[in-house]
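The values are calculated or read from the model by the stated rules, or taken from the named source; none is laboratory data. Note that the structure is predicted; figures quoted are calculated from it, not measured. Neighbour counts are summed over all protein chains in view; Cβ atoms, including those assigned to glycine, are modelled from backbone coordinates with ideal geometry. Side chains are part of the model used for accessible areas, which takes the heavy atoms of the whole protein and leaves out ligands, DNA and RNA. Shrake-Rupley method; radii C 1.70, N 1.55, O 1.52, S 1.80 Å.
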Amino acid sequence: MNQIWIIAKLELRRAFFSKRALWVYLLALFPAVIFVGHGISVKMQRDEFAGKPTVSAALLDRMAVGTADADVLAAAGKPLQDRSWDQRGRNIKRRTLMYFDGSRRVWFEFENGALRNTRRRELSSIDEDRKVYAGMFQYFYLRLAVFFGSLGIFINLFRGEMIDKSLHFWFLSPVRREVLLLGKYCAGLIASAVIFGGGAVLSFGALLAYQTSADLQAYWQADALYHGTWYVISAMLGCVGYGSVFLAAGLLLRNPIIPALVMLLWESINGFLPELLQKLSVLHYLQSICPVPPPMDPNVPPLLRLVLAPTEPTSAGVAILGVLGLTALVLYVASRAVRRLEINYGTE
Amino acid sequence: MSDELILFHNVSKFYGDVLGVNKVDLRIPSGITSLVGPNGSGKTTLMNLMSGLVHPGSGSITVRGISPFAPEKLMRILGYATQYDAAPRGVTGFGFVVAGLLLYGYRQAEAERRAALAIETVSLTHAAQRKIAAYSKGMRQRIRLAQAIAHEPAVLVLDEPLNGLDPLVRAETIALFRNYAAQGRHVILSSHVLQEVDVFSDQVILIANGMIVAEGEIRNVRDEIHEHPSQFLLHCQHPARVASMLFDQADVTEVKIDPGGRGVLVMTRQREAFAAAVQRIALNGEEIDGVMPMDENVDALYEYLIGGGK
Ligand SMILES: Nc1ncnc2c1ncn2[C@@H]1O[C@H](COP(=O)(O)OP(=O)(O)OP(=O)(O)O)[C@@H](O)[C@H]1O
Ligand SMILES: [Mg+2]
């Protein structure tokens, strides 16, 4: 036990600061950067509309299909935007008027002077942003960022030292191979959990940072803490699960591309598999504990939809136990492999 | 008793289909033992086998009663300075030795004390705080030696430890080996050249093509090499006549008519006398088409080992 910690401590610096792992930080920070960027653009829009004249929401909502543009102008006054154009060949005159009710922009679309359609859009909507965040988290963060980040960190724990020709120093220390494996796994886990847990905290923080104080307060009093915690936990559990898989892959195989592709494929087709096999997927468990179901655009082609759609979720407790159980299984296989591992720098 | 020996029992190791070592049986007592053989003969393979870095395909190994499959026990009594020249990145010589000692469970202060001592032993104190990456070849060699001796192992395994050392350091290093051996420890080292190690070794093991060619105290091994008979094939028209003439004239151990009908097979310990005899027979009018050494490889090897590896 003590030895595991000593090994982990010696390894940590390499796990955090290895040049090979630099891109891991980029993956982890990407969502935070996106949401900070989005936040800034929302803020700028808000500032832009802050001084604009508003029309009461009730009045705007009253405009029924068929209302004449002149009537709308008479009731609501001068619009913020007024665009008209002719549609060639079909002899239709189109016109769009935009109003602002203090939080939403409202577009009235006319054909030949009669209202055909009304579109409304909030300047920013916490509900929509939360959905976008959920989508980003499941489709990008868990599937790709944590996945490839764990790949980068864990596969190098043994393979990287084979390439550097320094693995024998570990093998020549008075440490059981299994203990060495666990020590290195702990180092990788600490590094990846900090990096990707941190990435989740930062991006969730960025999501909250630009919300209006009313929205924020409401969310905070309801689910914010709960959601944030589960996001962080699922990112970290992702590191636990993927980490063990890639650690084992680094021991068993020469080429890191192969396990990555196989694993990615496995996780992708998981939705098609019988229920029993689904239990052997890390992603399946991670998606189960994500607090907000991700949105699915109706325009996504059906095949891709099958790939992206989360599997039938299990309860959080089962999911956590599932990841830990899978990890234990994979680590057991890895420990068998590490006992057999030989120093063989020549043919690398 | 076997607790004081390093034992190899019928050990073979193949890398894929490349032979590493073949059917090795060894009983190595304590003292300085040198493994001598040309490049690719299997010295490193033997050392890696006894320290568990590679595993035998067949056979068994114990080091003072401990299996190389149990590093947690073996490494407490074994220190191995490999021939791999790599060092962990960005580490100072001192940090490198200290890190190794921490894994032995020493506390930081004790590890630092021992590391400093080991580094002093290899006369590297002046460079201890520099990065290993910036060390010269000989310095890297010595820092690996320092790491191997830092926990004062009972079995010290060193792959080509004298390579690249200047004469002064070399003498100091050899003194260190002697000192270790005098305390009843094992010092196993490897070299390409017998002359380099024969003065201070208690035993030598000659190895070629993955097989142990000779083993024992240095004097006995030398004698064996000198007395090793050479085999020749004499191509001639009348094998029976030539055979009888050879028996009369030269100091040959054994003469046989080649079953393949090519001529006469001869074993001799005195190659010069044999060559002279062949010449005389030819001059007497006997038709001799050629003389071919049959065990050229082994012969060349001995020349090489004794002759200084040129
Ligand atoms: N990792 C490996 N993969 C394949 N073959 C290997 C490997 N290591 C050693 N060999 C082969 O095993 C044989 C013995 O090699 P070994 O390294 O033990 O020789 P050596 O006596 O240490 O040579 P040197 O004096 O060059 O260090 C050689 O034929 C070598 O090609
Ligand atoms: Mg070698």
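Annotations for the structure displayed:
Table: residues versus (1) closer than 28 Å to A:His38 by Cα; (2) modelled with pLDDT of 85 or more.
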position	(1), (2)
A:Thr67	no, yes
A:Asp71	no, yes
A:Gly77	no, no
A:Arg90	no, no
A:Lys93	no, yes
A:Leu97	yes, yes
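- Within segment B:76-93, the residues that satisfy the criterion of being more than 8 Å from chain A (Cβ to nearest Cβ), open to solvent by 10 Å² or more (accessible area, probe 1.4 Å) and more than 16 Å from ligand 2 (Cβ to nearest atom) are B:Ile77, B:Gly90, B:Val91, B:Thr92.
- Segment B:105-134 - residue that is closer than 23 Å to A:Ile4 by Cβ and open to solvent by 30 Å² or more (accessible area, probe 1.4 Å) and, of those, nearest to the other protein chains (Cβ to nearest Cβ): B:Gly105
- In segment A:254-279, the residues that are over 17 Å from the mean Cα position of the chain (by Cα) and surrounded by 15 or more Cβ atoms within 10 Å (Cβ to Cβ): A:Pro256, A:Pro259, A:Ala260, A:Met263, A:Trp266, A:Asn270, A:Gly271, A:Leu273, A:Gln278, A:Lys279
- Qualifying residue in segment B:47-58 (condition: surrounded by fewer than 16 Cβ atoms within 10 Å (Cβ to Cβ) and more than 14 Å from every other protein chain (Cβ to nearest Cβ)): yes
- Test result for A:Glu109, among the charged types (D, E, K, R) and part of a helix (DSSP H, G or I): no
- Condition check for B:Thr44 on (1) over 14 Å from B:Leu26 (Cβ atoms); (2) more than 8 Å from chain A (Cβ to nearest Cβ); (3) assigned to a strand (DSSP E or B): one failure, at (3).
- Segment B:106-161: number of residues that are acidic (Asp, Glu) and within 16 Å of ligand 1 (Cβ to nearest atom): 2
- Pair list, Cβ under 9 Å, 6 or more apart: segment B:57-69 residue in contact (Cβ under 8 Å) with a residue 24 or more places away in the chain and in a loop (DSSP other than H, G, I, E, B), other residue open to solvent by 50 Å² or more (accessible area, probe 1.4 Å) and aromatic (Phe, Trp, Tyr): B:Gly57/B:Phe14
- Within the option set B:Glu215, B:Glu152, B:Glu227, being on the phi > 0 side of the Ramachandran plot, open to solvent by 30 Å² or more (accessible area, probe 1.4 Å) and either modelled with pLDDT of 90 or more or more than 16 Å from ligand 2 (Cβ to nearest atom) (or both) holds for one residue only, B:Glu152.
- Qualifying residue in segment A:147-156 (condition: within 14 Å of chain B (Cβ to nearest Cβ), touching a residue at least 12 places away in the same chain (Cβ under 8 Å), surrounded by 19 or more Cβ atoms within 10 Å (Cβ to Cβ) and not in a helix (DSSP H, G or I)): no
- Identity of the residue in segment A:159-199, open to solvent by 20 Å² or more (accessible area, probe 1.4 Å) and of a type in the set (Val, Ile, Thr), that ends up nearest to the chain's Cα centre (by Cα): A:Val194
- Residue match in segment B:156-171 (condition: of a type in the set (A, V, I, L, M), away from ligand 2 (no atom under 16 Å from the Cβ) and closer than 17 Å to B:Leu101 by Cα): yes
- Of all residues in segment B:29-46, those that are within 8 Å of ligand 2 (Cβ to nearest atom) and in contact with a Leu (Cβ under 6 Å, 6 or more places away or on another chain) total 1.
- In segment B:47-70, the qualifying residues are those that are closer than 21 Å to B:Pro29 by Cβ and in contact with a Phe, Trp or Tyr (Cβ under 6 Å, 6 or more places away or on another chain), and the one that is farthest from ligand 2 (Cβ to nearest atom) is B:Ile61.
- Top-ranked residue of segment B:167-212 - restricted to ones that are open to solvent by 40 Å² or more (accessible area, probe 1.4 Å) and hydrophobic (A, V, I, L, M, F, W, C), ranked as farthest from ligand 1 (Cβ to nearest atom): B:Ala182
- Out of A:Arg94, A:Arg90, A:Arg83, A:Arg116, sole residue that is part of a loop (DSSP other than H, G, I, E, B) and farther than 27 Å from A:Asp215 by Cβ: A:Arg90
- The lone exception for B:Lys73 - which of (1) open to solvent by 40 Å² or more (accessible area, probe 1.4 Å); (2) without any contact (Cβ under 8 Å) to a residue 24 or more places away in the chain; (3) more than 8 Å from chain A (Cβ to nearest Cβ) it fails: (3)
- Across segment B:29-39, the qualifying residues are those that are away from ligand 1 (no atom under 16 Å from the Cβ) and open to solvent by 40 Å² or more (accessible area, probe 1.4 Å), and the one among them that is nearest to the other protein chains (Cβ to nearest Cβ) is B:Ser30.
- Looking only at segment B:2-28, and only at residues there that are open to solvent by 10 Å² or more (accessible area, probe 1.4 Å) and either within 11 Å of chain A (Cβ to nearest Cβ) or under 15 Å from the mean Cα position of the chain (by Cα) (or both), the one that is nearest to B:Val204 (Cα to Cα): B:Arg27
- Condition met for A:Ile7 (within 14 Å of another protein chain (Cβ to nearest Cβ), crowded, with 17+ Cβ neighbours inside 10 Å and at pLDDT 85 or above): yes
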